[in-house]
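Enquirer: Take a look at this one; I'll ask things after.
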Amino acid sequence: MTNVERAIPRLFYPKWEPWIVSLLAMVTGVVGGFGAIVFRWMIKEVHNLLIGDVLQKGPHPLLIFGPALGLLIVSLITHYGAREVKGHGVPQILEALALRGGKIRPRVGILGIIAPAVTIGSGGSVGREGPIALIGAAFGSTLGQLLTLPEKYTSLLLAAGSAAGIAATFNAPIAGGFFGLEIVLGSYQIGAIVPVFLAAVTGTTVFDAIMGSQAVLATPPYHVINHFALLFMMGLGLIMAIVGVLYTKGLTASEDFFDRLSLPFWAKALLGGMVVGLIGLFVPEVLGVGYPTMHLALTNQILWGALALLFVFKYVATLITIGAGGSGGVFAPSLFLGGMVGGAFGNLLYHISPNLAPHPSIYAIAGMAALFAAAAQAPFVAITILLEITGDYHLTAPVMACAAVSYLTYTFFTRDSMYTVKLRRRGIKILRGDDIRPMAAISVLSALQPLGDDAVSPSTSIHEAWQKMTALSRSFLPVISRSQGLDGIVTMRDIVAAMQQQDRKNNTVASIIQPLPKPIMNNDSLDEAIRYLSIYDVEVLPVQDSQTHHIVGLVTRSGVLKAYNASAVHAVDTAHQVEALKRTADDGIFVEVEIPDDSPMVGKQLKDLYLSEDALIVSVTRQQGAVIPHGNFAIKGGDRLLVYVAPASRREHVIEQLQAKEIVSFHGV
């Protein structure tokens, strides 16, 4: 054990813990502030090198090749250097928290500043906020790992680093702090609030001391004159929720489209970059981050028709940049898109009657906040950041109204944000607030008791049912008829009561059947099952197939609790086994595979799968949700298996053993 390892735990006595954590968070904030400065400088240098001269000369065909060259360089960096820096940064932070206790590889901090600087500087339509959050988070995580801190402190420093980066680049310490809490940690734990906000303030102070303190999108002071503006803002919130869904779904669809292309990774980058360059040739305002254009929209210097066109071209350019493998944030593009839609909405009201919207730009500001509040599922960040970057706190009420309505309406369509949707599709659920319910992640199939030989018919005598129930040591039996299927259940208590009455002793169970409540679906969770068991105040629920609508089995209150207990035991046991594999090989890798319908593995039980000793099945995800894998668990076509392989060089061998299709691979450390 090193001296550092001996010393650090001693510092974390209860009395000193808040001070030590806050000090480390401030150190992380300093690096986050300097990181934002270096990042901006690198973007400027790349921009001047690749497309600066071309843009100064006006539209020129050479502009097409700027984004193409930039995305080509980035694709090489992400493919051979660090795959984590591909995309928009924040999902990688959330994945590190969910899967690796906040641990991010140190190289991500280095390559994470180069790749997005090249993407943005060459004209890629992305923002600098996601990457700078990843840079700060990578340093905080690295600091925690160097000091061998427990996972909770490493995760906290990761959140502090991301907060510092956001606060510095936006000159918005309040929004930066909320970003670290609301988006990264997903909670407002008392022990996290002070360190995260200290990091945000430190990052902003360092940045302002060198670069100067000024609002990113300073606007003239607006006053809401029309008292009906609040209603119009709420209407705009409804529109922005729909736009938010389109933005989130569009990002995913774009990545899926490029993933399906049968082209080398570098060819995809070139193709996407050339399309972005072609758009930029005619609409150069959509290239890069786009703050100058946003400022024009906020000061009402763009006609409403041009606002609509800018929205369309920026939307397409952003989706292509991300889909083709670019590295950059989706935060700033969401502000750009929200500003264009909000500005167009305000101008439309103004053209109907100037009294309805004397200051159309107010709606552009509110639109920015509303789109980000919906797409990121982060209303506090959205509201505070728009007030801070514009410097106009007179707009607090309308911005809050618009953002709140947009946030709530978005949840009717989906609970996945633009940061979590890709992780959810890989089976990684990021829990937030009320979502933190362990049973919600477990499929009801884990507690399912199939209808089998234990069932009786309505014509079965009470005495025969009693004998069968006693032999099976059951407290109830399902009653199935040929015509109606599951009629209900008979319980031991009712059978005993009937047998005590001589005149009913030879009666059939049809006279004592207990009807069951409305069934739950086989794609529901244990959380839903326990909720309905409580609502109906019953011990047994029928389970219905969501496709055939046939009753496939029953779940009981005790069965649900046993399944949850089995899940907890499995999680602990699996964690120990993964750690054991990590000790044998440092370069372990998680591999998610899908079992094809025609695979020889279909129908086999897990205990019959002959996997190498260097592979471990961590989880199984079926269409209905996560299932607890045990020895007798039978594989079905379409099942997704998450497998940990150590060393990583054995990945192809394990995939071949499973005769499965690889979905994604990611490192465990």
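The values are calculated or read from the model by the stated rules, or taken from the named source; none is laboratory data. All of these numbers come straight from a predicted model, not from anything done at the bench. So basically every Cβ, Gly included, is an ideal-geometry build from the backbone, and we count neighbours across all protein chains shown.
Enquirer: Considering each of ALA192, ALA199 in turn, give the residue that is surrounded by 24 or more Cβ atoms within 10 Å (Cβ to Cβ) and in a helix (DSSP H, G or I).
Expert: ALA199
Enquirer: Looking for something assigned by TED's automatic domain parsing to the domain that holds PRO398, under 21 Å from THR219 (Cα atoms) and aromatic (Phe, Trp, Tyr) - is there at least one such residue anywhere in the range 282-294?
Expert: Within the range 282-294, one or more residues are assigned by TED's automatic domain parsing to the domain that holds PRO398, under 21 Å from THR219 (Cα atoms) and aromatic (Phe, Trp, Tyr).
Enquirer: Residues in the range 540-561: is at least one surrounded by 16 or more Cβ atoms within 10 Å (Cβ to Cβ), within 13 Å of PRO478 (Cβ to Cβ), hydroxyl-bearing (Ser, Thr, Tyr) and modelled with pLDDT of 80 or more?
Expert: Yes, because at least one residue in the range 540-561 is surrounded by 16 or more Cβ atoms within 10 Å (Cβ to Cβ), within 13 Å of PRO478 (Cβ to Cβ), hydroxyl-bearing (Ser, Thr, Tyr) and modelled with pLDDT of 80 or more.
Enquirer: When the range 350-371 is examined, which residues are found to be more than 37 Å from the chain's Cα centre (by Cα) and either assigned to a helix (DSSP H, G or I) or free of Cβ contacts under 8 Å to residues at least 60 places away in the same chain (or both)?
Expert: TYR350, HIS351, ILE352, SER353, PRO354
Enquirer: So ILE104 clears everything in (1) at pLDDT 75 or above; (2) aliphatic (A, V, I, L, M); (3) in a helix (DSSP H, G or I) except one condition, right? Which one?
Expert: Here ILE104 clears every test but (3).
Enquirer: Next question, about the same structure. For residues in the range 293-304 being assigned to a helix (DSSP H, G or I) and either crowded, with 24+ Cβ neighbours inside 10 Å or touching a residue at least 24 places away in the same chain (Cβ under 8 Å) (or both), which is farthest from the chain's Cα centre (by Cα)?
Expert: By that ranking, first place goes to TRP304.
Enquirer: Right, another one. Quick one: would you say VAL316 is over 28 Å from ALA163 (Cβ atoms), touching a residue at least 24 places away in the same chain (Cβ under 8 Å) and not assigned by TED's automatic domain parsing to the domain that holds ILE174?
Expert: Considered against the rule, which asks whether it is over 28 Å from ALA163 (Cβ atoms), touching a residue at least 24 places away in the same chain (Cβ under 8 Å) and not assigned by TED's automatic domain parsing to the domain that holds ILE174, VAL316 comes out as yes.
Enquirer: Would you call GLY631 over 22 Å from the mean Cα position of the chain (by Cα), at pLDDT below 75 and among the small types (Gly, Ala, Ser)?
Expert: yes
Okay, residues lined up against (1) part of a loop (DSSP other than H, G, I, E, B); (2) touching a residue at least 24 places away in the same chain (Cβ under 8 Å); (3) buried (at least 24 other Cβ atoms within 10 Å of the Cβ):
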position: ILE110; (1), (2), (3): no, no, no
position: SER125; (1), (2), (3): yes, yes, yes
position: GLY136; (1), (2), (3): no, yes, yes
position: GLY140; (1), (2), (3): no, yes, yes
position: ALA175; (1), (2), (3): no, yes, yes
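Enquirer: Can you name every residue in the range 280-314 that is in contact with a helix residue (DSSP H, G or I) (Cβ under 6 Å, 6 or more places away or on another chain) and among the aromatic types (Phe, Trp, Tyr)?
Expert: Hits for the range 280-314 are TRP304, PHE311, PHE313.
Enquirer: Where the second residue is small (Gly, Ala, Ser) and at pLDDT below 70 and the first is closer than 28 Å to SER649 by Cβ and in the same structural domain as GLN659 (by TED's automatic domain parsing) and lies in the range 605-633, which pairs have Cβ atoms under 6 Å and are six or more apart or on separate chains?
Expert: Cβ pairs passing all conditions: LEU606/GLY631; LYS607/GLY631; THR621/GLY427.
Enquirer: Looking at GLU579, GLU592, GLU613 in this structure, which one is modelled with pLDDT under 80, part of a strand (DSSP E or B) and of a type in the set (D, E, K, R)?
Expert: GLU592
Enquirer: For residues that are over 21 Å from GLY180 (Cα atoms) and among the small types (Gly, Ala, Ser), scanning just the range 364-390, find the one that is surrounded by the most Cβ atoms within 10 Å (Cβ to Cβ).
Expert: Applying the filter and picking the extreme gives GLY367.
Enquirer: Listed residues ILE322, ILE279; which is assigned by TED's automatic domain parsing to the domain that holds PRO379, at pLDDT 90 or above, over 29 Å from the mean Cα position of the chain (by Cα) and closer than 29 Å to MET42 by Cβ?
Expert: So the residue among ILE322, ILE279 that is assigned by TED's automatic domain parsing to the domain that holds PRO379, at pLDDT 90 or above, over 29 Å from the mean Cα position of the chain (by Cα) and closer than 29 Å to MET42 by Cβ is ILE279.
Enquirer: A further question follows. Looking at SER546, SER525, which is the one that is under 14 Å from LEU448 (Cα atoms) and of a type in the set (Gly, Ala, Ser)?
Expert: Going through SER546, SER525 in turn, just one is under 14 Å from LEU448 (Cα atoms) and of a type in the set (Gly, Ala, Ser): SER525.
Enquirer: May I ask you to say which residue of ILE512, ILE462, ILE489, ILE495 is buried (at least 18 other Cβ atoms within 10 Å of the Cβ), at pLDDT 80 or above and more than 21 Å from GLN449 (Cβ to Cβ)?
Expert: Within the list ILE512, ILE462, ILE489, ILE495, the selection yields ILE462.
Enquirer: Scan the range 311-347 residue by residue and report those that are under 18 Å from ILE132 (Cα atoms), hydrophobic (A, V, I, L, M, F, W, C) and outside any helix (DSSP H, G or I).
Expert: Within the range 311-347, just VAL330 meets the criteria.
Enquirer: Something else about it: Check SER446, SER406 and return the single one that is at pLDDT 90 or above, in contact with a helix residue (DSSP H, G or I) (Cβ under 7 Å, 6 or more places away or on another chain) and part of a helix (DSSP H, G or I). Full working, then the answer.
Expert: Values: SER446 fails: at pLDDT 90 or above.
From the options SER446, SER406, the qualifying one is SER406.
Enquirer: Within the range 18-46, how many residues turn out to be at pLDDT below 85 and crowded, with 21+ Cβ neighbours inside 10 Å?
Expert: Number of matching residues: 0.
Enquirer: Does the range 203-216 contain at least one residue that is within 28 Å of the chain's Cα centre (by Cα) and part of a helix (DSSP H, G or I)?
Expert: Within the range 203-216, the first condition is being within 28 Å of the chain's Cα centre (by Cα), and the residues that meet it are 203-204, 216.
Applying the additional criterion that residues be part of a helix (DSSP H, G or I) yields 203-204.
Checked against the condition, which is being within 28 Å of the chain's Cα centre (by Cα) and part of a helix (DSSP H, G or I), the range 203-216 yields at least one hit.
Enquirer: Just to check your reading of the model, which residue among GLY212, GLY290 is modelled with pLDDT under 90 and crowded, with 18+ Cβ neighbours inside 10 Å?
Expert: Sole residue among the options that is modelled with pLDDT under 90 and crowded, with 18+ Cβ neighbours inside 10 Å: GLY290.
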